[in-house]
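Undergrad: First the structure, then my questions, so here it is.
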Amino acid sequence: MGILSGGLSVRRYRVEGQLPEAREALITALNGNAFREPLSPVHKEEVMGWTQVHNLLDTSFDDINLWLYNHYAIFALRIDKKTLPAKLFKAHLQKRQQAWCKESGRERVPAKVKEELKELLEMEMLRQTLPKVAVHELVWNLQEGWLAVHSQSDAVNDKLRKHFHRSFSMVLQPVTPLEWTADLPEVADRLLSMGTTELGDGQ
Amino acid sequence: MNEEKDELLPGHIASDFYLWLWYRSETGGGHLDLGEGEEVDFWVDDRISFRTPGEQKVSAVMTGEHPGGSPEARAALAGGKVLRDVRLALKREDREYMVTLKGPLIEVSGAKLPGLVKTGDTAEILFERMFLYEELGLMLRGLFRRFAQLRTSDQWERGVMPQLTAWAHGQAEAEPPQDA
C-alpha cells in the first residue's frame, strides 16, 4: 500500500525553496541523508533516512533511473527504532536483582547496583532485538513543487518535514483547501471568519 | 501539528464542507457542473463519522450501505454533532473513485483509484496513478470552490440553512435545491 499500489492515504505539501537545477545536487542530498544502519547493535535511539521505494535496503541514489521518473521523484523515509518489551525487561531485571541479593547476601539492591544491572540487561536485550521498521513512501513533483507522503500521522509528518529540510534546505508547507480558492481572496477571507454550522435543536 | 492544522484551516470549515457534500448528494442528486465542461457525480459511500463541536475525536460512526440515508445519521446532526470524516464516491466520465475525506485539512485517505495498470513498468504505474490522483484533486478542488462560494454568500443563510435544518430534522422531503 503506497504511492505505487493500493489505497492512497496522503498528506500533501507545497515545497518552498530553491530547487537545485542540477540533478547531481539531489543525488548528493539523498545519498548524504540516506538511511544508515547504526554502528552499534545496542543503539536504541530512533534512526531515519531515505531509501528507495522498491526495496528498503537500497539506499544509494546514484542511479537516477531508479527514483526519478520525468518530473516525479519517488523515495521513502525509513524510521527504525529498537524498543524493548517492557514487561519482559522488568521480569528479567527482577530475576537479576534477586540473584544479586542471593549472591551478596543482602536484602536490598543499592540504587547504584540497580542502575548497573539495568544498563547491562538493556544492552544484552538490545543486542538480541530487531528494530521496528517503518517506511513511508513519498512522491515529489519537481516541476509543480508539491510533495505527497503516504502517511497521515502527525508524528511521522513532523519527522519528515525536519529530515526533508535537513536534506534539501527546502521547507514543506501543508497544503490547505484554502489554496484552492487562492484566486478568490474575498471568499477565502470570509470563509475564515465564518462560524460553525450546527443543526442541533438549539438552533 | 493539531494546533497548526487548526491555524491553517479551522476545523468547522471541513465539517461544513462534508455536510454540504452529504446534503447535496442526498437532495440534489449528487451531480455538479464545475464549469468549463467539468462535471462530477458524487455520493456518500459507506461511512460517515461525527464529532462534537470543539473536539476532534469521533463521537459517532455510521457505516454500511447508504449511511447518509439513515435516520440515525440525521439524528446525529439534529443532536448537534458535526461531521469529522466522510467516505465519498466520485465519478468523472467513466472513472469512479472512492475516498475518505478526513479531518480539518480535508485529507485524502484510503483513496481507491480506478487504475488499469497494476503490474509492470514502474513509470507506467506511477504516471497513471499520478494522473488519477490529480484528477481526484481536481474534482475535490472544484467541489470545495463551489461550497466556499456558497458558504460565503447570503444564499447560505437565506436558502441553504433553512433547508439543511429541515432536512436534518426530517421535516422536509428531499427537494433538489435551487442553488445549494
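The values are calculated or read from the model by the stated rules, or taken from the named source; none is laboratory data. Since the structure is predicted, the reported quantities are computational estimates derived from the model, not experimental observations. All Cβ positions, even for glycine, are placed from backbone atoms using ideal geometry, and neighbour counts span all protein chains on display. These area figures cover heavy atoms from the full protein model, side chains too; ligands, DNA and RNA do not enter into them. Shrake-Rupley method; radii C 1.70, N 1.55, O 1.52, S 1.80 Å.
Undergrad: Among the candidates A:Glu107, A:Glu103, A:Glu119, single out the residue that is under 31 Å from the mean Cα position of the chain (by Cα) and not assigned by TED's automatic domain parsing to the domain that holds A:Lys159.
TA: A:Glu119
Undergrad: Within region A:7-26, can you find the residues that are part of a loop (DSSP other than H, G, I, E, B) and more than 9 Å from chain B (Cβ to nearest Cβ)?
TA: A:Gly17, A:Gln18, A:Leu19, A:Pro20, A:Glu21, A:Ala22
Undergrad: Could you run through region A:27-52 and say how many residues are touching a Leu at 6+ places or on another chain (Cβ under 8 Å) and either assigned to a strand (DSSP E or B) or more than 18 Å from A:Lys81 (Cβ to Cβ) (or both)?
TA: Summing the residues that are touching a Leu at 6+ places or on another chain (Cβ under 8 Å) and either assigned to a strand (DSSP E or B) or more than 18 Å from A:Lys81 (Cβ to Cβ) (or both) in region A:27-52 gives 5.
Undergrad: Within region B:114-146, work out how many residues are open to solvent by 30 Å² or more (accessible area, probe 1.4 Å), of a type in the set (Lys, Arg) and not in a loop (DSSP other than H, G, I, E, B).
TA: Of the residues in that region, 3 qualify.
Undergrad: How many of the residues making up region A:35-45 are surrounded by 13 or more Cβ atoms within 10 Å (Cβ to Cβ) and touching a helix residue (DSSP H, G or I) at 6+ places or on another chain (Cβ under 9 Å)?
TA: Qualifying residue count for the region: 3.
Undergrad: Of the residues B:Ala123, B:Ala166, B:Ala111, which is small (Gly, Ala, Ser) and closer than 28 Å to A:Leu199 by Cβ?
TA: Selected residue: B:Ala166, the only one of B:Ala123, B:Ala166, B:Ala111 that is small (Gly, Ala, Ser) and closer than 28 Å to A:Leu199 by Cβ.
Undergrad: Just the residues that are in contact with a Lys or Arg (Cβ under 9 Å, 6 or more places away or on another chain) and surrounded by 15 or more Cβ atoms within 10 Å (Cβ to Cβ), please, taken from region B:92-108.
TA: Those that are in contact with a Lys or Arg (Cβ under 9 Å, 6 or more places away or on another chain) and surrounded by 15 or more Cβ atoms within 10 Å (Cβ to Cβ): B:Tyr97, B:Met98, B:Val99, B:Thr100, B:Leu101, B:Lys102, B:Gly103, B:Pro104, B:Leu105, B:Glu107, B:Val108.
Undergrad: Only one of B:Ala111, B:Ala89 is surrounded by 15 or more Cβ atoms within 10 Å (Cβ to Cβ), at the interface with chain A (Cβ under 9 Å from one of its Cβ atoms) and outside any helix (DSSP H, G or I); which?
TA: None of the others qualify; the one that does is B:Ala111.
Undergrad: Any chance you could count how many residues in region A:169-188 are over 28 Å from A:Val10 (Cβ atoms) and within 34 Å of the chain's Cα centre (by Cα)?
TA: So the count comes out to 0.
Undergrad: Considering only residues of region B:46-76 that are at positive phi and in contact with a strand residue (DSSP E or B) (Cβ under 8 Å, 6 or more places away or on another chain), which is surrounded by the most Cβ atoms within 10 Å (Cβ to Cβ)?
TA: Among residues in region B:46-76 that are at positive phi and in contact with a strand residue (DSSP E or B) (Cβ under 8 Å, 6 or more places away or on another chain), the one surrounded by the most Cβ atoms within 10 Å (Cβ to Cβ) is B:His66.
Undergrad: I'm trying to understand the selection: among the residues of region B:125-163, which are more than 8 Å from every other protein chain (Cβ to nearest Cβ) and over 23 Å from A:Arg11 (Cα atoms)?
TA: Scanning region B:125-163 gives B:Leu150, B:Ser153, B:Asp154, B:Gln155, B:Trp156, B:Glu157, B:Arg158, B:Gly159, B:Val160, B:Pro162, B:Gln163.
Undergrad: Taking the conditions exactly as written (of a type in the set (A, V, I, L, M, F, W, C), within 12 Å of chain B (Cβ to nearest Cβ), free of Cβ contacts under 8 Å to residues at least 40 places away in the same chain and open to solvent by 50 Å² or more (accessible area, probe 1.4 Å)), does A:Leu57 satisfy them or not?
TA: no
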